[in-house]
Amino acid sequence: MQKSNDTIVTGYHAIRELAKKHNSTGVLLLAGSGPRIDELRRTVAPGVKIHDVSVSEIRKIGGREVRHAVLVLQDVPEPRELDLPSFLATNTAKDSLVVVLDGVTDPHNFGAILRTADQFAVDLVVTPERRSARETDTVARTSAGAVAHVPTVVVKNLPSALAELKKAGFWVYGADSNGRPVTSVDMSGRVVLVLGSEGAGLGRLVSERCDDVVSIPARGHADSFNVSVAAGILMFDIRRRQGFFDSV
């Protein structure tokens, strides 16, 4: 049933979001019954087949901590359907938000950032080919399935990608603890938010492409925020300034 290139997904929320995508194909293994299991049965895409199996079979594929459901996605489309030129050709919004991740390699942080990006309707998340987390089962679970909804692209060269975004009218803001307080910066309009790794921060070439560098004012004892927490605070602030919540 399982092939070497299949994608294994565990966790109720991640399975629910990925299994109901119209182009998903694969097998959903279920053990037991209950409201959540019943919902998964009702919402899967036509290309996902449901098999009732034992808990031991579930754990054999998903791991010892998994008890009720495992999604085995097959024929995951490659390469990605979206690329940066295609995005720039169609995105003309006056208030747009693109998030760029420079060296965010921890899948839990990546998943948490995608989950927040989904909530704030981020238009695009950009990651580099190297030194970046990928869309694994851990990312799917941490993002609560948001990985299925957030547009993402992988680029070979982040500084070049930032240059292209700037040509398209975006203003690029890097996040760093030594930057200007975000409360004093007008982050409205077409915005790119660049977040670096927790250890090294923004790379030199990436930092040089930023129009401004901002920080989050804080009074605690730790050196800085976790990158996924910082991402959430800054995404909220940018969307607030863009009037994203005016109709809520």
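Worth pointing out:
- Label-to-label distance, nm, for residues given as Phe244 and Arg41 (7 Å Cα→Cβ offset): 3.8
- Modelled FRET efficiency - R0 35 Å, Val53 with Ala200, Cβ distances, 0.05 increments: 0.20
- With R₀ set to 25 Å, the beta-carbon distance separating Ser86 from Asp211 gives a calculated FRET efficiency near 0.55.
- Antiparallel DSSP beta bridges within the range 7-73, as percent of all bridges there, nearest 5: 60
- Put simply, when 44-50, 88-94, 174-180 are sorted by average Cβ atoms within 10 angstrom per residue, most first, you get 174-180, 44-50, 88-94.
- Dipole of the range 84-241, positive direction: furthest Cα of Ser86, Val229, Ile113, with charges on the beta-carbon: Ser86
FYI, it's all coordinate maths here, none of it is from the lab. Being a predicted model, the structure only gives us computed values, none of them experimental. Here Cβ is always computed from backbone atoms with ideal geometry, including for glycine, and neighbour counts include all displayed protein chains.
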